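Participant: To start, I am sharing the structure in question, which I have written as structure tokens.
The values are calculated or read from the model by the stated rules, or taken from the named source; none is laboratory data. Fair warning: this is a prediction, and the values are worked out from it, not measured in the lab. FYI the Cβ positions are ideal-geometry reconstructions off the backbone, even for glycines, and counts take in every protein chain you see.
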């Protein structure tokens, strides 16, 4: 083993001195000019875009009960829509009630009007019946339901037209169901 020479000691001393001198600190991996520009755009994004996104998200959440009621053909969807709008005005306090109402089956409505579906449901199903997309047993059920509503009181023109479309679809289905075959005993009698 060789002893360190004087040059080795001076190199080691200068290396230790260089390690003790503080290096300039950098708070970011980006240059200062780029950091200022990034902070400027980030601040504008936070000030402008985030509040707009928050308002849109708040609005989308508050119209969910209305969308659910429309999808489920709830007969009181207009009232649910009104409750959703009121919930927006009251900061969301009425929103849980609108949500629950959209998922309920209107039992008292069925007792009063004979159905738990809105009028647009029957009109939509009548259009499907014209296209031949509704099974015969469903046609009969829909027709009977409209007849029950008519027995309780006057029905709208839209429901009358839907009922006529159901009747026509039932007649065409009954005509298609009877096959044109010969009677088995008729061939032997001739």
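Participant: Cβ-Cβ distance below 9 Å, separation of 6 or more or different chains: which pairs start in segment 50-61 with a residue that is closer than 16 Å to residue 90 by Cα and end on one that is part of a helix (DSSP H, G or I)?
Facilitator: Listed by first residue and then by second, the contacts come to 58/88; 59/88; 61/95.
Participant: May I pose another question? Sort out which residues of segment 115-147 are in contact with a helix residue (DSSP H, G or I) (Cβ under 7 Å, 6 or more places away or on another chain) and surrounded by 19 or more Cβ atoms within 10 Å (Cβ to Cβ), and write them in order of number.
Facilitator: Matches in segment 115-147: 115, 116, 118, 122, 125, 126, 129, 134, 139, 142, 143, 146.
Participant: Turning to a different aspect of this structure: Would you check if residue 42 is surrounded by fewer than 14 Cβ atoms within 10 Å (Cβ to Cβ) and either farther than 24 Å from residue 120 by Cα or over 18 Å from the mean Cα position of the chain (by Cα) (or both)?
Facilitator: For residue 42, the condition - surrounded by fewer than 14 Cβ atoms within 10 Å (Cβ to Cβ) and either farther than 24 Å from residue 120 by Cα or over 18 Å from the mean Cα position of the chain (by Cα) (or both) - is met.
Participant: Tally time: how many residues in segment 80-100 are touching a residue at least 12 places away in the same chain (Cβ under 8 Å) and either in a helix (DSSP H, G or I) or under 11 Å from the mean Cα position of the chain (by Cα) (or both)? Working first, answer last.
Facilitator: Here is the first cut: in segment 80-100, the ones touching a residue at least 12 places away in the same chain (Cβ under 8 Å) are 80-81, 83-84, 87-88, 92, 95, 97-99.
Now restrict to residues that are either in a helix (DSSP H, G or I) or under 11 Å from the mean Cα position of the chain (by Cα) (or both): 80-81, 83-84, 87-88, 95, 97-99.
Result for segment 80-100: 10.
Participant: Further question: Could you pull out the residue among 150, 169, 112, 173 that is at pLDDT below 85, touching a helix residue (DSSP H, G or I) at 6+ places or on another chain (Cβ under 7 Å) and either assigned by TED's automatic domain parsing to the domain that holds residue 66 or part of a helix (DSSP H, G or I) (or both)? Walk me through how you get there before you give the answer.
Facilitator: On the way: 150 fails: touching a helix residue (DSSP H, G or I) at 6+ places or on another chain (Cβ under 7 Å); 169 fails: at pLDDT below 85; 112 fails: touching a helix residue (DSSP H, G or I) at 6+ places or on another chain (Cβ under 7 Å).
Of 150, 169, 112, 173, the one residue that is at pLDDT below 85, touching a helix residue (DSSP H, G or I) at 6+ places or on another chain (Cβ under 7 Å) and either assigned by TED's automatic domain parsing to the domain that holds residue 66 or part of a helix (DSSP H, G or I) (or both) is 173.
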